[in-house]
1. Carbon-plus-sulfur fraction of the accessible area of the stretch 3-91, 1.4 Å probe, in percent?
2. Once the Cα atoms of helix 3-24 and of the chain are each reduced to a long axis, what angle between those two axes, in degrees from 0 to 90 to the nearest 10, is obtained?
3. Calculate the dipole size of the chain relative to its Cα centre from +1 charges on Lys and Arg beta carbons and -1 charges on Asp and Glu beta carbons; express the result in debye to the nearest 20.
4. In nm, what is the difference between 0.36 nm times the number of residues separating E35 and S72 and their Cα-Cα distance?
5. Along the Cα-to-Cβ line of T3, 7 Å from the Cα, sits a label point; which residues in the stretch 69-84 have backbone N less than 16 Å from it?
6. Pick the calculated Kirkwood radius over Cα pairs in Å for this structure from (1) 13.9; (2) 16.1; (3) 14.3?
7. What relative contact order, as a whole-number percentage, does the stretch 3-91 give when Cα pairs under 8 Å and 6 or more residues apart are counted?
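The values are calculated or read from the model by the stated rules, or taken from the named source; none is laboratory data. Predicted model, so just to flag it, every value in this text is computed and none were measured. Ideal geometry is used to build each Cβ from the backbone, glycine not excepted, and the neighbour counts take in all protein chains shown. SASA here: full protein model, heavy atoms, side chains in, ligands and nucleic acids out. Shrake-Rupley method; radii C 1.70, N 1.55, O 1.52, S 1.80 Å.
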Amino acid sequence: MSTDDLDDYEAQLELQLYKEYRDVVGLFAYVVETERRFYLANHVDLKAHNDAGDVYFELTLRDAWVWDSYRSARFIKTVHVLTFKDVNIEEIAKSDLEPPTSIGG
């Protein structure tokens, strides 16, 4: 297998992952980004802990999807993360207006 074949394979995995993300993003309420992973989730619980001057975060996600092209199962019932790095949580805006799927006349 050549380097080009490997690059093409990885690019194809990323494209498949992006398409899956596009299809499932509407099922979730939050986007969560940690140092190591990107998640979609419906329930997010974040707690900051201070232990002898060191701050770390305890993050629990329920009903989640993880951006990871090498996982066979990306839907996860519960995720528990401990990290000393930043955690970014954003609520996904839900629009009352659905874009048209086709323009007919």
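1. It is 46 percent, rounded to a whole number.
2. 80 degrees
3. 440 debye
4. 11.2 nm
5. none
6. (2)
7. Relative contact order of the stretch 3-91: 27 percent.
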